[in-house]
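Since the structure comes first, as structure tokens, the remarks are kept for the end.
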Amino acid sequence: MTVLFDTLSTPLGPFSVAVGPHGEVLASAFGGRDVLLTRRRDLALPERPTALPALRRQLSEYFESRRTRFDLRYAPVGTPFQQKIWALLLGIPFGQTRSYGDLARDAGSPSAARAVGAANGANPICVFIPCHRVIGANGTLTGFAFGEERKRRLLALEGAWELPGLVAPAAAS
């Protein structure tokens with residue numbers, strides 16, 4: 001399979017994306033090629049990035065608060081349960097959050113909040129499949145593969161979190 005990747009500069013640092021032969025997003029990560037490979041170890045990435053203009057445009061618009069939805073195709077690899085959770089993540093609107101328990105109930109497994117957390121953490125396509133929109137049941141931030149500060153800044157960009165500090169907005173559910 002022919003895979004291309006691009007590393008873009010964002011307000012939160014370098015952000016790399018791998019795409020397949022039909023333009024489908026396979027993986028994304030804050031960092032360069034090496035970090036991207038940790039998200040999908042099965043990918044053979046070329047040594048040098050290739051500019052992906054449409055993806056760059058959409059990501060730039062997102063970080064400029066001019067885009068609330070991405071018009072991209074995704075091809076994450078995971079178990080059926082992970083796929084179900086990642087599909088639910090795509091349903092969390094821009095500027096909103098959900099708890100792990102909320103997602104467990106939505107997945108039909110109300111006692112599986114920890115399994116939801118593991119699936120969320122295994123999401124190979126961050127930002128585009130918005131795992132950063134999942135918070136603790138008490139409204140606090142919880143882990144994010146690329147650091148709690150980045151998660152807080154992503155949520156603040158979307159208007160779902162107030163900066164500075166860790167004060168959850170009233171709209172968080």
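The values are calculated or read from the model by the stated rules, or taken from the named source; none is laboratory data. The structure presented is a predicted model; accordingly, all values stated were derived computationally and were not measured. Note that we place each Cβ from the backbone using ideal geometry, even for glycine, and neighbour counts take in every protein chain shown.
What's the number of the condition D42 fails, among (1) modelled with pLDDT of 95 or more; (2) of a type in the set (D, E, K, R); (3) farther than 19 Å from H132 by Cα?
The single condition D42 does not satisfy is (1).
Specify which of the listed residues (A119, A145) is surrounded by 16 or more Cβ atoms within 10 Å (Cβ to Cβ), outside the structural domain of R40 (by TED's automatic domain parsing), at pLDDT below 95 and closer than 22 Å to V19 by Cα. It would help to see each step written out before you state the result.
Numbers: A119 fails: at pLDDT below 95.
After ruling out the rest, the residue left standing is A145.
State which residue is nearest to G147 (Cα to Cα) when the search covers only the stretch 15-61 and only residues that are in contact with an Asp or Glu (Cβ under 9 Å, 6 or more places away or on another chain) and of a type in the set (S, T, Y).
Of everything passing the filter in the stretch 15-61, S16 is nearest to G147 (Cα to Cα).
Of everything in the stretch 14-42, what is at negative phi and in contact with a Gly (Cβ under 9 Å, 6 or more places away or on another chain)? Give them in sequence order.
From the stretch 14-42, those at negative phi are 14-22, 24-30, 32-42; that's our starting set.
Those that are at negative phi and in contact with a Gly (Cβ under 9 Å, 6 or more places away or on another chain): P14, F15, S16, L26, F30, T38.
Name the residues in the stretch 75-90 that are surrounded by fewer than 18 Cβ atoms within 10 Å (Cβ to Cβ) and in contact with an Asp or Glu (Cβ under 8 Å, 6 or more places away or on another chain), would you?
A75, V77 - these are the residues of the stretch 75-90 that are surrounded by fewer than 18 Cβ atoms within 10 Å (Cβ to Cβ) and in contact with an Asp or Glu (Cβ under 8 Å, 6 or more places away or on another chain).
Would you check which residues across the stretch 56-91 are touching a Leu at 6+ places or on another chain (Cβ under 7 Å) and over 17 Å from L8 (Cα atoms) and list them?
Within the stretch 56-91, A75, I85, L88 meet the criteria.
Out of the residues in the stretch 5-36 meeting the condition of being without any contact (Cβ under 8 Å) to a residue 24 or more places away in the chain and out of contact with any Phe, Trp or Tyr (no Cβ under 9 Å at 6 or more places or on another chain), tell me which one is nearest to P124 (Cα to Cα).
The qualifying residue nearest to P124 (Cα to Cα) is D34.
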